[in-house]
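Below you'll find the structure, written out as structure tokens, and then a few comments.
FYI, it's all coordinate maths here, none of it is from the lab. Because the structure is predicted, anything quoted here is derived from the model rather than measured. Note that we place each Cβ from the backbone using ideal geometry, even for glycine, and neighbour counts take in every protein chain shown.
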Amino acid sequence: MQLDLESNKAESVQRRTALALAHLHRIDPEHKMARFYCIDVAATLFGDVSVLRTWGRIGTHGRTRLETCATVEEAERAASQTLRQKMRRGYLPAGQMLPPDLVV
């Protein structure tokens with residue numbers, strides 16, 4: 001019974017966090033800046049939930065930080081807070097970036 005509850009919890013986390021992935025870019029040719037920031041929320045093998053952050057210069061592997069949270073809500077709150085902060089700093093979803101030659 002306990003195993004069934006844990007597997008249902010893991011499935012629920014996977015369904016709820018499937019769309020939590022965000023891939024952001026910040027490109028400023030004037031300052032020679034081309035950065036990326038990825039954030040994902042995923043279930044761990046131990047029943048917790050992790051927020052995985054990867055950032056760096058575009059074209060590199062970048063750095064990665066893993067934050068483990070006790071609940072899905074806590075992880076989603078941490079991911080949302082980080083996304084808001086990055087958007088305020090000029091990061092945009094990767095698909096919304098204009099090529100540098102089209103920027104006015």
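Sequentially through region 52-63, phi angles give Karplus couplings (6.51, -1.76, 1.60; θ = phi - 60°) of 9, 10, 10, 8, x, 6, 4, x, 10, 6, x, 10 Hz, Gly and Pro residues having no value and appearing as x. Once you reduce region 60-74 and region 75-97 to the center of their Cα atoms, the two points are 14 Å from each other.
Taken along the Cα-to-beta-carbon direction at a fixed 7 Å, the label points for T60 and D48 span 2.8 nm. Take the Cα of R89, step 7 Å toward its Cβ, do the same at E74, and the gap between the two points is 2.4 nm.
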